[in-house]
Amino acid sequence: MQEAWRDEILAKRVLVAIFNKAEKLGREVRFMDVCGTHEDTITRYGIRSLLPKNVKILAGPGCPVCITPVEDIVAMMEIMKKEPSILVTTFGDMYRIPTPKGSFADMKSRGYDVRIVYSIYDSYKLALKHRDRLVVHFSPGFETTTAPTAGMLWEAIEKKVENFKIYSVHRLTPPAVEFLLEQGTMLDGLITPGHVSTIIGVKGWKYLTSRYGIPQVISGFEPLDVLISIHMLLQMLIEGQAEIKNEYERAVKYEGNIEAQKKIDALFNVVDAKWRALGIIRRSGYVLKKEYEEYEIRSSYEVNIEELPDLEKGCRCGEVLRGLILPYECPLFGRVCTPRNPVGPCMVSYEGTCQIFYKYGSLYG
Amino acid sequence: MCLAIPGKVVELRGNVAVVDYGGIRREARVDFIPDVKVGDYVIVHTGFAIEKMDEEAAKRSIEAWNEIFTLEDFPEE
Ligand code: SF4
């Protein structure tokens with residue numbers, strides 16, 4: 001079935017249609033993606049270079065690992081120093097994210113027990129295996145990752161697996177897009193992330209369109225999905241419509257995944273939260289509710305971390321995340337800053353725009 | 001970390017499924033897909049199935065796109 005979404009003939013037809021629509025529109029339009037996987041599709045298949053000159057694609061804050069606050073990573077490391085027997089798990093890209101005080105990888109090389117997991121389920125299994133040890137999952141991610149966290153915690157609570165805890169740095173995506181709009185990032189349409197939408201549904205994004213008049217298309221991740229979504233956005237602009245449409249109907253329902261929403265709502269409160277290089281965003285973070293607080297490692301250890309600089313001097317990750325520049329506009333890109341020697345978080349994560357651009361080289365045109 | 005990929009459920013044990021991704025098999029939690037069956041396609045993200053892939057809907061939309069883009073921009077065909 002997936003192959004059908006790589007149909008070249010159809011893709012060419014959609015492209016011709018995009019050119020027709022863009023010409024009809026006759027002005028420059030800017031669409032933003034806010035998902036690392038969309039950015040990967042767009043850059044890997046060279047979609048920017050295929051599009052008409054007046055259709056620009058910006059990359060937004062689609063990298064949860066990139067926006068995880070420095071202070072939280074450092075706080076987790078301080079907790080480990082206080083309690084060296086803790087087994088910490090996190091995702092591979094989180095493991096390498098640099099801070100002024102080092103990374104989880106550095107902690108590992110100093111002898112602390114940090115392990116890379118593919119899923120919070122792996123982390124939970126470690127807690128079951130080592131009932132005498134405290135296992136803490138340092139847990140970043142948007143709604144798509146918050147749902148698994150909620151599911152796993154739910155089971156830990158029901159089965160009273162008390163040696164399993166999290167450090168929640170989960171974030172919500174629509175408030176970040178709203179933040180960019182309020183800050184003045186100029187957008188003509190949003191390529192809305194399909195997998196976040198499987199959880200929160202079309203309804204989770206709707207308010208952005210009604211409040212800010214911004215057309216949205218919830219998009220799948222094959223190149224054809226993205227092209228069709230761009231075409232749908234252009235079509236709306238021509239007709240003067242501002243609506244939210246769902247291109248990814250094969251996976252996204254209007255109401256989203258109710259089971260996942262129930263678990264998230266049962267366990268988490270939504271609070272104002274910091275995003276690295278972006279600042280505080282209103283109602284954009286998930287914290288565990290008071291009654292489940294014991295599953296949050298911060299409730300057992302008090303650490304006070306002074307505010308630290310978000311980025312190394314010269315790193316323009318903040319502008320990259322806001323969609324204000326593309327990575328090659330950063331003078332350090334590809335010269336000083338590479339995936340082997342990353343200067344900023346956007347070069348470390350597989351979902352970071354800088355790493356994606358580096359990986360696919362010249363195709364960003 | 002956020003890559004979510006579709007695979008086919010080949011085995012079910014309570015909340016855990018074995019999912020086949022074109023030959024590679026891995027466990028995935030299905031806590032959020034209460035009506036999942038062997039043979040269903042699911043989208044898996046960090047080890048959790050987040051939604052079913054509706055094959056019928058997929059087929060319908062490909063057909064619809066084919067029709068739209070043939071009629072609209074290639075009227076001669
Ligand atoms: S290329 Fe490196 S230094 Fe420049 S913005 Fe990206 S991460 Fe920062």
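The values are calculated or read from the model by the stated rules, or taken from the named source; none is laboratory data. Not measured: the values here are computed from a predicted model. Every residue, glycine as well, gets a Cβ built from its backbone with ideal geometry; the counts of neighbours run over all protein chains shown. Note: accessible area is taken over every heavy atom of the protein model, side chains too, but ligands, DNA and RNA are not part of it. Shrake-Rupley method; radii C 1.70, N 1.55, O 1.52, S 1.80 Å.
General remarks:
- Distance from the C-alpha centroid of region A:303-342 to that of region A:167-228: 23 Å, rounded to the whole angstrom.
- By the Cβ distance rule of under 4.7 Å, chain A has these cysteines without a partner: A:Cys35, A:Cys315, A:Cys330, A:Cys337.
- Using the Cβ-Cβ distance between A:Lys56 and A:Asn20 with R0 set to 22 Å, the FRET efficiency works out to roughly 0.80.
- Extension gain, A:Ser299 back to A:Arg340 (0.36 nm per residue minus Cα-Cα distance, nm): 11.2 nm
- DSSP bridge pairs, region A:193-289: antiparallel proportion in percent, nearest 5: 65 percent
- Reduction of at least 10 Å² in accessible surface, 1.4 Å probe, comparing all protein chains with the chain by itself, residues of region A:186-217: A:His195, A:Thr198, A:Ile199
- Shown in residue order for region A:46-60 are the 3J(HN,Hα) couplings computed by the Karplus curve 6.51 cos²θ - 1.76 cosθ + 1.60 at θ = phi - 60°: x, 4, 4, 6, 8, 7, x, 4, 8, 10, 9, 10, 9, 10, x Hz (x for Gly and Pro).
- Using a simple spin-label model with pseudo-atoms 7 Å out from Cα toward Cβ, A:Glu155 and B:Glu67 lie 4.3 nm apart.
- Summary of packing: across the peptides A:28-37, A:62-71, the per-residue average of other C-beta atoms within 10 Å ranks them, highest first, as A:62-71, A:28-37.
- Accessible area (Å², per residue) of the protein assembly as shown, counting only protein heavy atoms and a probe of 1.4 Å: 41 Å²
- Spin-label model, A:Thr185 to A:Asp106: label points 7 Å out along the Cα-to-beta-carbon direction sit 2.9 nm apart.
- Overall form of region A:76-202 per C-alpha gyration tensor (a/c, 1.5; a/b vs b/c): oblate
- Average Cα contact separation per residue, region A:1-355, under 8 Å, 6 or more apart, as relative contact order %: 23 percent
- DSSP assigns beta bridges within region A:210-365; of those with both partners inside it, close to 65 percent run antiparallel.
- Computed E for B:Arg25/A:Glu259 - FRET, C-beta separation, R0 22 angstrom, nearest 0.05: 0.35
- Average partner coverage of A:118-130, which counts Cβ from other chains inside 10 Å: 3
- Using a 1.4 angstrom probe on protein heavy atoms only, the contact between A and B buries about 3700 square angstrom of accessible area, both sides summed.
- Stretchable slack from A:Arg115 to A:Arg133, in nm (0.36 nm times residue separation minus alpha-carbon distance): 5.1 nm
- Inter-label distance for A:Lys125 and B:Val10, nm, one decimal - labels placed 7 Å from Cα along Cα-to-Cβ: 1.6 nm
- Peptide B:58-67 has a mean of 5 when you count, residue by residue, the C-beta atoms of other protein chains within 10 Å of its C-beta.
- Distance violations [Cα-Cα > 25 Å] among A:Lys81/A:Lys359; A:Lys21/A:Lys245; A:Lys245/B:Lys59: A:Lys81/A:Lys359
- Heavy-atom accessible area ranking, 1.4 Å probe, most first, across A:Trp154, A:Trp5: A:Trp154, A:Trp5
- Computed [θ] at 222 nm, deg cm²/dmol, chain A (DSSP H ≥ 4; -39,500 (n - 2.57); rounded to nearest 500): -11500 deg cm²/dmol
- Rounded to 5, the percent of DSSP beta bridges in chain A classed as antiparallel: 20 percent
- The residues neighbouring A:Lys274, those whose beta-carbon lies less than 11 Å from its own, together hold a net charge of -3 under the Lys/Arg +1, Asp/Glu -1 convention.
- Averaged over the residues of A:139-147, the number of partner chain Cβ atoms lying within 10 Å of the residue Cβ comes to 3.
- Spatially proximal lysines relative to A:Lys82 (Cα-Cα < 20 Å; intrachain offsets below 8 disregarded): A:Lys101, A:Lys108, A:Lys165
- Carbon + sulfur, % of accessible area of region A:1-355 - ligands and nucleic acids excluded, 1.4 Å: 49 percent
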